[in-house]
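Asker: The structure under discussion is supplied below as structure tokens; questions concerning it will follow.
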Amino acid sequence: EGTVALVLAPHQDDEVLGCGGTIHKLASSGAEVKVAYMTDGRFGNLDSTEAEIIAIRAKEARDGLRVLGIKDAIFNDISDLCLECNPETVALVRDIIKKTKANVLFVPHPHENHPDHWTTAQIAAVALNGHDRCMNVFQYEVWTPFVPNTLVDITGCMELKVRALREHQSQIRMIDYAEKIRGLNSYRSINANSDTRYCEAFIRSNPKDFIRNV
């Protein structure tokens with residue numbers, strides 16, 4: 001059975017920030033990579049109407065994934081800042097996991113300093129309760145660093161990750177996320193060998209340990 005990776009991204013751009021280099025490497029190695037956006041990102045820019053920014057961010061997301069070599073994306077219509085861990089969202093994620101047949105899951109860690117991020121972790125934990133397929137869970141960081149147990153060398157694709165992030169113009173006009181994430185990924189290489197300049201950090205676990213952590 002081949003690798004099928006599912007990324008749960010609270011907003012359009014979190015998948016690039018948290019694990020863009022890693023999922024590019026997976027896709028390049030022949031793995032199936034699918035990204036599911038938990039919210040529609042309608043409050044991501046106050047210069048446009050809600051309908052306009054939803055459409056803009058969906059296009060930016062597809063363009064960013066194309067840079068990373070990823071074609072499959074799932075867009076949900078839940079408003080950002082309104083994401084809740086309830087039976088509907090749990091059923092939604094459980095259904096996505098089942099339909100994609102994912103055996104690798106990327107999800108924000110539960111101590112992220114953003115409600116949509118930690119709620120995504122909570123939803124995933126409940127959805128995985130009783131999950132009977134073998135799965136590796138990789139918790140990723142965006143807003144809040146953690147103590148990782150896994151580092152992935154993304155030195156060779158850091159510039160590609162930045163290119164993907166620059167597709168999200170509606171977001172980087174406000175904050176230069178490319179500069180910020182380059183700094184985090186550079187710092188993460190402090191525990192790697194001298195040839196490694198950039199790393200993405202993860203807490204890797206099985207579903208039971210992930211659920212326990214959440």
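The values are calculated or read from the model by the stated rules, or taken from the named source; none is laboratory data. Everything quoted here is computed from the prediction, not taken from an experiment. Quick reminder, even Gly has a Cβ in these numbers, built from the backbone with ideal geometry, and neighbours come from all protein chains shown. Accessible surface is based on the protein model in full, side chains and every heavy atom, while ligands, DNA and RNA are left aside. Shrake-Rupley method; radii C 1.70, N 1.55, O 1.52, S 1.80 Å.
Asker: Taking the range 142-164 on its own, how many of its residues are acidic (Asp, Glu) and open to solvent by 90 Å² or more (accessible area, probe 1.4 Å)?
Answerer: So the count comes out to 1.
Asker: List the pairs whose first member sits in the range 180-198 and is among the small types (Gly, Ala, Ser), whose second member is open to solvent by 100 Å² or more (accessible area, probe 1.4 Å) and part of a loop (DSSP other than H, G, I, E, B), and whose Cβ atoms are under 7 Å apart, counting only residues at least 6 apart or on separate chains?
Answerer: Hits for this filter: SER186/ARG197; SER189/ARG197.
Asker: With respect to ASP209, is the statement that it is assigned to a loop (DSSP other than H, G, I, E, B) and either of a type in the set (D, E, K, R) or within 18 Å of HIS111 (Cα to Cα) (or both) true?
Answerer: No: the conditions fail for ASP209.
Asker: Still on this structure: Hey, does the range 61-82 have a residue that's aromatic (Phe, Trp, Tyr) and out of contact with any strand residue (DSSP E or B) (no Cβ under 8 Å at 6 or more places or on another chain)?
Answerer: no
Asker: Take the range 172-214 and flag every residue that is open to solvent by 20 Å² or more (accessible area, probe 1.4 Å) and of a type in the set (D, E, K, R).
Answerer: ARG173, ASP176, GLU179, LYS180, ARG182, ARG188, ASP195, ARG197, ARG204, LYS208, ASP209, ARG212
Asker: A further question follows. Out of the range 156-213, which residues are polar (S, T, N, Q), within 15 Å of TRP143 (Cα to Cα) and touching a His at 6+ places or on another chain (Cβ under 9 Å)?
Answerer: Matches in the range 156-213: GLN171 only.
Asker: Any residue that is farther than 21 Å from HIS11 by Cβ, in contact with a Ser or Thr (Cβ under 9 Å, 6 or more places away or on another chain) and buried (at least 17 other Cβ atoms within 10 Å of the Cβ) - is there at least one of those in the range 130-139?
Answerer: yes
Asker: So, one more: In the range 43-83, how many residues are under 18 Å from the mean Cα position of the chain (by Cα), closer than 18 Å to HIS114 by Cβ and not polar (S, T, N, Q)?
Answerer: Number satisfying all stated conditions: 7.
Asker: Same structure again: Test each condition in (1) at pLDDT 95 or above; (2) closer than 14 Å to ASP14 by Cα; (3) open to solvent by less than 20 Å² (accessible area, probe 1.4 Å) for GLU167 and report the one that comes out false.
Answerer: For GLU167, the failing item is (3).
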